[in-house]
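A.B. asks: Please read through the structure below; I'll follow up with questions.
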């Protein structure tokens, strides 16, 4: 059997729901902006990590630079005071009497610390007096002394001494 529909098809007009379309468009727009912001955050996080590495390297370089500046200052100071050290040491050696010798000499600023040995107590006293009379030293003070034992009776006793003074 064949059926024939003689009723005209009606065109159904659908009502467009604009608020729904607008909401969908807003959701798509927000999702696109959110995705773009997320990718931007990821790229900025990577850049921050690389910059923190560079910052750490920069901090290390600044520390190295300050260390090098200190070393350069020390070398400049040594170069500047090289002649002074020789002058002060030569003066201290010139004042040494016969039978005495220096074992340690330290010059820090204007303070001089001298350690040495002598064959007798009179020799040590003569050295302290020579330094006091010398116009190049002031505030000469006898700090310490000690007697070194000799097992051999042929040698005289040796005195260790320590003297401090200031350079004028």
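A.B. asks: Name the single residue, out of those in segment 99-111 being under 20 Å from residue 146 (Cα atoms) and in contact with a helix residue (DSSP H, G or I) (Cβ under 8 Å, 6 or more places away or on another chain), that is modelled with the lowest pLDDT.
C.D. replies: So the residue we want is 99.
A.B. asks: Scan segment 90-120 for residues that are in a loop (DSSP other than H, G, I, E, B), surrounded by 12 or more Cβ atoms within 10 Å (Cβ to Cβ) and under 39 Å from the mean Cα position of the chain (by Cα) and jot them down.
C.D. replies: Scanning segment 90-120 gives a single hit, 110.
A.B. asks: A follow-up question, please. Name every residue in segment 147-165 that is at pLDDT 75 or above, within 18 Å of residue 121 (Cβ to Cβ) and surrounded by 11 or more Cβ atoms within 10 Å (Cβ to Cβ), in order of residue number.
C.D. replies: 157, 158, 159, 160, 161, 162, 163 - these are the residues of segment 147-165 that are at pLDDT 75 or above, within 18 Å of residue 121 (Cβ to Cβ) and surrounded by 11 or more Cβ atoms within 10 Å (Cβ to Cβ).
A.B. asks: Against the definition (without any contact (Cβ under 8 Å) to a residue 12 or more places away in the chain, touching a strand residue (DSSP E or B) at 6+ places or on another chain (Cβ under 6 Å) and part of a strand (DSSP E or B)), how does residue 165 come out, yes or no?
C.D. replies: On the way: without any contact (Cβ under 8 Å) to a residue 12 or more places away in the chain: no; touching a strand residue (DSSP E or B) at 6+ places or on another chain (Cβ under 6 Å): yes; part of a strand (DSSP E or B): yes.
So residue 165 fails the test.
The values are calculated or read from the model by the stated rules, or taken from the named source; none is laboratory data. These figures come from a predicted structure and were not determined experimentally. For neighbour counting, all protein chains shown are included, and Cβ atoms are generated from backbone atoms with ideal geometry for every residue, glycine included.
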